[in-house]
Every structure is written in structure tokens, then in C-alpha cells.
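Read the structure below first, then the notes.
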Amino acid sequence: MLLADVVTASGAVAATRARTAKAAAIAELLRRADAGEVEPATAWLAGEPRQARDGRLGVGWRTLSRLAPPPADEPSLTVAAVDGALTEVAGISGTGSAARREAVLGGLLAAATADEQRFLVRLLTGELRQGALEGVVVDAVAVAAEVPAAAVRRAFMLSGRLPETAAAALTGGAPALAAVRLQVGRPVQPMLASPGSSLDAALAALGADVTVEFKLDGARIQVHKDGDDVRVWTRTLREVTDGVPELVERVRALPCRAAVLDGETLALDDDGRPRAFQDTMSRFGSAGADDAGVLLSPFFFDLLHVDGRDLLDEPLRVRLDALAGLLADDEHAALRMPGVRNPSAEQAAGVLADALAAGHEGVVVKELGAPYAAGRRGKAWQKVKPVHTLDLVVLGAEWGYGRRTGTLSNIHLGARDPDGGEPVMVGKTFKGMTDELLAWQTATFPGHARESPPWGVVLRPELVVEIAVDGVQRSPRYPGGVALRFARVLRYRPDKTPAEADTIDALRALLG
């Protein structure tokens, strides 16, 4: 199979907004791929090389722009040849690595046509990585392999590796997908909570058989224990074990041989109240155990495995019972997320009041009968905060004026397209920005720029910002038909990817 075939399929995906048409184009390509071509082709159509770490190969936009050899007249690059070159690039290190990496990439680009060059540059710089495309590719794999989409989705969430999941589906079908199990030491994609409009609404939607837990202003963690070996991953499945030794020490002391725990971590002050979110994030994953005296405290709210017993498919009440047993003694009880099971309306309101009084964000209402839906944002978990917030993608920024002259100020905001297209613009805001944040935006945004028109910058969809809003309203001004009301910046979310941003459908649902 030629690289040109993948480029053509990618173009067909970009040319339509219909999810079924996107999936059909990808499925048709995967059916024609040889066994060794499925993994790289799947990875590229999902938006990144399979050799990438955190979405990149360590190759910057400036490097690729500097190479820019004349394009080839006819397509000749095979999928195998391109994948081999990228494997070579990923393995280059040591003295002179930059020059050797440029030599390999230069040769690759010189053999590519103009369309192939554009595709490779976007792939290597992360510009193809739309996040929502993963869901479309999952659907396409199911169509190509003639297996249920749920089976593909589950295997992907348990393995965390979409290319390998596609290869299993296309070579081994449903039995190969069913053989993928939770494995201690290999992270699974986390279950996510949907925004709830209010505590009363969440309780009404989920019924009485729920638990109401604190919603902390921290960073999501997944911790695996296998004997004395403890490893920690972020919500994006980036391993940070070496940077959080205090978390490793706490989990290593638990009274079990093996466990997979889900929770949050944050930095607390001497009074036990949460420090600023920036303090947690600056400490989270840093190289040392103590960053300017900031230590992280873990709080666990779910248990996915313990001593050979998988709990993913058990209802939440069973998982919570197992977690309570694991953290039963006085030494470990403080590691449990505070909450109340089967609360009355008054008790639930009390949990929310206690969480806010302690300096936390709000609560999460969870259905006790629900299994752990890895990687999904369903209605079984609903987060409730007194201030309505949205995670949106920054699409661009305008140069400021007056006292903000010389800084990138008014930011353009987009909601995620659940069908894998570009984020859909829903508004702009310059409110809530401190001088420090303006300086950070001005220094950071050029590194993510897709274009630099006179009025500011157009950004690749890579940065997620948390926005407080008073609501949304119908508007013909923006393509999604909805606009933000009184939006203001709360903070940037380096712990989240554009794939975790709120969707345009979620915003439309707020119209009532």
C-alpha cells in the first residue's frame, strides 16, 4: 500500500462532516491493507505516528519547515517505508542526533509528493491529532473487521493502543478482541464524568442509588501496584512515576499484592486545604520529590483490580466495597475520597457544602449500579460545580490594545466536534486574564501557531482552557449555532488534551 492511499483516505475524512462517511473511508482503506500495514495506517488516520510519545516524535515545525525539499512528481513511498523511517527517527539519540534525524526526514520528504509532504508535516507536528478522530477510527475498524463496535472500543480502552487493537480485530476478529484483558502495569483509559447542571438535576437523573463524592481541584491519576513495583499515569496515560515518589510510597504500603486504583492527587497547605491548581500542576510529574516544599496527596475513588480479581465489569457499589476493604485501617483511611452513599437530598447537599467549605470544586454524583466504562464520558458519573465551566480548545488569539498592547489577549474558543472534524468556534473572551497569563499566552502561542495574520495568531488545536460561563445562547454568528454567555478564563489545563474538551453537542444541550 502506498502512502498516497492513506493521504487520499485522510482527505476524504476531512472533506465530510458525516461520521458514517468518515468511518466508511477509513474502513475501505483498512480492508485493503496488508497485516503489517494496519498498525501504521490506523495510527496515522487517528492523527499520530505509532512511534510517538505524547503525540510527538521530537520533531518541531521549524525543523520540518527548514528541510522543505522539492516534492516528488509521482507517489512511490509505501506505508512500510514511511513507518520504517519514522521508527529510525524515533530511535536516534546521542551526539549528532539532530543532524541524523534531519537527514532521515529530509530523505523521506524528498521522496514525497506535495500532498504527501503536507500530510507528513501535519502528522509529525501533531496537527492531524484531533482526538475525536479516535472514535471515528474505532467505528471504522469495527466496520472493516465486521465485529461489534463495542468489542473494538473495549479492547482499545483496556490496551490503550488503537493500532494494536485494529490489527487484532482485522486478523483475529471478535475472539482476538475478547482476549484483551486488564493488565496490571498497562494503563486503561479513565472513565470520565459529564457536566451536571445542578445537584438536584443529577440526583433526579440518576435516582437514589448513588454515591456523592468530593470533586477535587487536582490532577487525575491511575496507579498500578504489582508487588513493590508501583507505577503512576496521568489521565492522558503519560507515565509520571519517577516524578511522584511520595505517591509511590503511599501505594506501596497498601495491604495487597496487586491493585489498580483510580483517583486524584493535589497539593495541600498546612491546614489541609488545596493549594492553587498551578501549584499542583507545577509539582505534578516534576523530577524531584519535593518541588519548593510542595508534596502531593492522593485520594482514591475507584478500584479496578485487586489481587487477581478484575473489577471493571462489577457495579460501582462492589468496587467501592473492595476499595473500602483495601483502605480500611487507620493508616490508609485518609486515602479514600470523601463521600456518602445513598444520601438523602439533605445529605447530598451537605456533601456539596462540605466540599466547597474545604476549598474543593464541587461533587461528583455516581450511579452505584454502573460498571467502569473506561474511556467514556457517559451519564453514570455527573460532576456538579457551583460555577458552570467548560473545557474548550484555543483556536487563536488577537493582539490586545490599550494597556494590553503587545500581548496576545482575546482568545478564540472552540468546542470539540464529536465526529472528528475541526473544533467548532463558539466564542471569544479576554476576561479573567492576569498580567502573568497574558505574558504566558504571548510567549507560548507562537509555538502552536498555524498562521500569523496581522491581527494575531491562528493556533493548531492543541491547548485546552477551562472557561467559566453564565450559560450559552443561540447565535447565527458561529457555525455551531451556539455562543458562550459572559465567558471568562479560569486556567489552562495542561493535564487535558483536545480529545477531552467539551463537545458542541454538550454546549447545544445547555440551550435547554
Picked from segment 317-343 (must be among the charged types (D, E, K, R) and assigned to a loop (DSSP other than H, G, I, E, B)), the residue least open to solvent (accessible area, probe 1.4 Å) is ASP329
Do we find that THR113 is crowded, with 17+ Cβ neighbours inside 10 Å, more than 27 Å from the chain's Cα centre (by Cα) and of a type in the set (Ser, Thr, Tyr) in this structure? yes
- Item | Test: ASP262 is within 23 Å of GLY359 (Cα to Cα) and assigned to a loop (DSSP other than H, G, I, E, B) | no
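Under the condition of being closer than 26 Å to TRP440 by Cβ and part of a loop (DSSP other than H, G, I, E, B), which residue from segment 466-477 is most open to solvent (accessible area, probe 1.4 Å)?
Per the stated criteria, the residue is ASP470.
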Checking LEU438, LEU463 in turn, the sole residue that is more than 19 Å from LEU390 (Cα to Cα), open to solvent by less than 40 Å² (accessible area, probe 1.4 Å) and either in contact with a helix residue (DSSP H, G or I) (Cβ under 7 Å, 6 or more places away or on another chain) or at pLDDT 90 or above (or both) turns out to be LEU438
Residues of segment 214-227 being open to solvent by 10 Å² or more (accessible area, probe 1.4 Å) and either within 22 Å of ALA52 (Cβ to Cβ) or assigned to a strand (DSSP E or B) (or both), in sequence order, are PHE214, LYS215, ARG220, ASP226
- Query: Do we have PRO195 as open to solvent by 20 Å² or more (accessible area, probe 1.4 Å) and either polar (S, T, N, Q) or more than 24 Å from the chain's Cα centre (by Cα) (or both) here?
  - Reply: no
For segment 249-262, the count of residues that are surrounded by fewer than 22 Cβ atoms within 10 Å (Cβ to Cβ) and within 23 Å of the chain's Cα centre (by Cα) equals 0
Checked segment 294-316 for anything in a loop (DSSP other than H, G, I, E, B), surrounded by fewer than 19 Cβ atoms within 10 Å (Cβ to Cβ) and touching a strand residue (DSSP E or B) at 6+ places or on another chain (Cβ under 8 Å); matches are LEU295, ASP307, GLY308
Inside segment 193-215, the number of residues satisfying the requirement of being under 16 Å from ASP391 (Cβ atoms) and at pLDDT 90 or above is 2
Expected single match for within 22 Å of the chain's Cα centre (by Cα), open to solvent by less than 40 Å² (accessible area, probe 1.4 Å) and at pLDDT 95 or above among ALA23, ALA46, ALA41 is ALA41
Going through segment 78-102 in order, the residues found to be open to solvent by 20 Å² or more (accessible area, probe 1.4 Å) and modelled with pLDDT of 90 or more are THR78, ALA80, ALA81, GLY84, THR87, GLU88
Here the residues within segment 2-20 that are among the aliphatic types (A, V, I, L, M) and open to solvent by less than 40 Å² (accessible area, probe 1.4 Å) are LEU3, ALA4, VAL6, VAL7, ALA9, VAL13
query = Does THR265 fit the bill of being open to solvent by less than 60 Å² (accessible area, probe 1.4 Å) and more than 22 Å from ALA334 (Cβ to Cβ)?
reply = no
Checking ALA4, ALA80, ALA43, ALA24 in turn, the sole residue that is closer than 30 Å to ALA149 by Cα, of a type in the set (Gly, Ala, Ser), touching a Lys or Arg at 6+ places or on another chain (Cβ under 8 Å) and not in a loop (DSSP other than H, G, I, E, B) turns out to be ALA43
Just one listed residue, out of VAL188, VAL180, VAL230, is buried (at least 17 other Cβ atoms within 10 Å of the Cβ) and part of a strand (DSSP E or B), and it is VAL230
All conditions in (1) over 24 Å from LEU459 (Cβ atoms); (2) among the polar types (S, T, N, Q); (3) at pLDDT below 85; (4) open to solvent by less than 70 Å² (accessible area, probe 1.4 Å) are true of SER65 except (1)
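Quick check on this structure: which one of LEU484, LEU413 is of a type outside the set (Val, Ile, Thr), more than 19 Å from LEU128 (Cβ to Cβ), crowded, with 16+ Cβ neighbours inside 10 Å and within 20 Å of the chain's Cα centre (by Cα)?
Checking each option against the conditions leaves just LEU413.
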Open item on the list: Tell me yes or no: at least one residue of segment 128-142 is under 21 Å from the mean Cα position of the chain (by Cα) and open to solvent by 40 Å² or more (accessible area, probe 1.4 Å).
Closed with: yes
Residue hits (segment 491-512; of a type in the set (D, E, K, R), buried (at least 18 other Cβ atoms within 10 Å of the Cβ) and closer than 16 Å to LYS379 by Cβ) are ASP502
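The values are calculated or read from the model by the stated rules, or taken from the named source; none is laboratory data. Quick caveat, the model's predicted, so the values are computed rather than measured. Cβ: placed from backbone, ideal geometry, glycine included. Neighbour counts: every protein chain shown. Keep in mind that these areas ignore ligands, DNA and RNA; they rest on the heavy atoms of the full protein, side chains included. Shrake-Rupley method; radii C 1.70, N 1.55, O 1.52, S 1.80 Å.
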